[in-house]
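The values are calculated or read from the model by the stated rules, or taken from the named source; none is laboratory data. This is a predicted model, so every value here is computed, not measured. When we count neighbours, we look across all protein chains shown, and the Cβ atoms used for this are built from the backbone with ideal geometry, even at glycine.
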Amino acid sequence: MTEQAHILVTGGAGYIGSMLTADLLRAGARVTVLDSLLFGGESLLSFLSHPNFHFARVSVSEPRTLRDSLRRDWPKPQAIVHLAAIVGFPACQAVGRQAAWRYNVETVQRVFEQAEAIGAERFVFTSTYSNYGLSNAGETVTEESALTPQSLYAETKIAAEEYLLAQKSAGCTPLIFRLATLYGISPRTRFDLIVNQFVLEAYTRRELLIYQRGYSRSFVHVQDVVRGLRLGLEAPRRQVACQVYNLGTDDGNYTKDEIVALVIKRLPETNIQYKDLTFGGDMRDIRASFEKVRAGLGFQARLGVDDGVREVLHALQTGLIRNPQDERYRNAHFIVQ
């Protein structure tokens, strides 16, 4: 990515977006952030005086928001990173199929059409490895594996992917990352993610109640996700056009029991209870392969789950995060990732 490149980030006040914005500004890029600020904009306050930062409070589900929000004295954005979405199966279930489809599918189409119209060259879309659903026992899923969604959230992400991958003749080329389960601290930390949530509950309640005990998932630190997105932005356009990458690390495959063990190592007084309960939603039991992103983009994760447990606990113990039960730290409605 060249210095003074212009990147537009939808959902830039969110969990990934606020950290990506900081990273791009450090790299010398101009960054335009579009966000509706449903859960506030504190994560962006430190950027306000930066000469390469521009913010517009808009809903990207509305027409012409990209064009109308651009600074006239800046060149057009070379790339759009689309993070704005209803994230996760509980949030999608809460708002219902119609709203979830509007924000996670139709809005993607609208934003991509605007990106094409303004002459952007690249459209980076964050999807989810939830798309794979329940894999066969012991099978490691790759980007070529069948998609068997188990939730409305995954259905919307698959539909958005299908739309984008059909745009092969467009001047704006799509690039899709299927993210593993995230964890870690960011300017807008979320506590509805399993690692962060376990640390919070163990610290504040000294108790963990575990469901679906044997399930395995792949995890990735939010900082490493930002690094992966940067690699996608910096790679030669022809190399990544219409590509799909699982974004995570082979070292990040953990069962819930293994996550609990990492939490107990730091909070040994925590009482653990197990409950055998099956409930609807995103019933992932997946081990994903990340060979493609490693070989194709040179991606290597730098942080592990134990690093995430340590930093979340430190943020709580020191009061850096004082009110983690605040709705802003959760993902109950339409927010950004």
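Scanning segment 26-79 for residues that are at positive phi and modelled with pLDDT of 95 or more yields a count of 1. Checked against (1) farther than 20 Å from Gln239 by Cβ; (2) over 15 Å from the mean Cα position of the chain (by Cα), Lys168 passes all but a single condition, namely (1).
When Leu200 is tested against (1) over 23 Å from Leu8 (Cα atoms); (2) not in a helix (DSSP H, G or I), exactly one condition is not met: (2). Residues in segment 78-113 that are closer than 25 Å to Leu231 by Cα and acidic (Asp, Glu): 1 in all. Selection over segment 63-89 of residues that are in contact (Cβ under 8 Å) with a residue 24 or more places away in the chain and assigned to a loop (DSSP other than H, G, I, E, B) gives a count of 13. The residue of segment 72-129 that is surrounded by the most Cβ atoms within 10 Å (Cβ to Cβ), among those that are within 16 Å of Leu8 (Cα to Cα) and of a type in the set (D, E, K, R), is Arg122.
For segment 203-224, give me each residue that is farther than 14 Å from Tyr254 by Cβ and in a strand (DSSP E or B). Once the filter is applied, which keeps residues that are farther than 14 Å from Tyr254 by Cβ and in a strand (DSSP E or B), segment 203-224 yields Glu207, Leu208, Leu209. The set of residues in segment 165-207 being hydrophobic (A, V, I, L, M, F, W, C) and free of Cβ contacts under 8 Å to residues at least 60 places away in the same chain consists of Ala166, Ala170, Leu193. Filtered by the rule that a residue be at pLDDT 90 or above, within 25 Å of Gly88 (Cβ to Cβ) and in a loop (DSSP other than H, G, I, E, B), segment 271-298 gives Ser289, Phe290.
On inspection, Ala120 passes the criterion of being part of a loop (DSSP other than H, G, I, E, B) and at pLDDT 95 or above.
Answer yes or no as to whether Leu182 is in a loop (DSSP other than H, G, I, E, B) and hydrophobic (A, V, I, L, M, F, W, C). Criteria not met by Leu182. Of everything listed in (1) part of a helix (DSSP H, G or I); (2) farther than 18 Å from Asp35 by Cα; (3) at pLDDT 90 or above; (4) not basic (Lys, Arg), the single unmet condition for Cys92 is (3). Within segment 139-165, the residues that satisfy the criterion of being out of contact with any Cys (no Cβ under 9 Å at 6 or more places or on another chain), at pLDDT 95 or above and either among the hydrophobic types (A, V, I, L, M, F, W, C) or part of a strand (DSSP E or B) (or both) are Ile158, Ala159, Ala160.
Of all residues in segment 63-79, one or more are touching a Lys or Arg at 6+ places or on another chain (Cβ under 7 Å) and hydrophobic (A, V, I, L, M, F, W, C).
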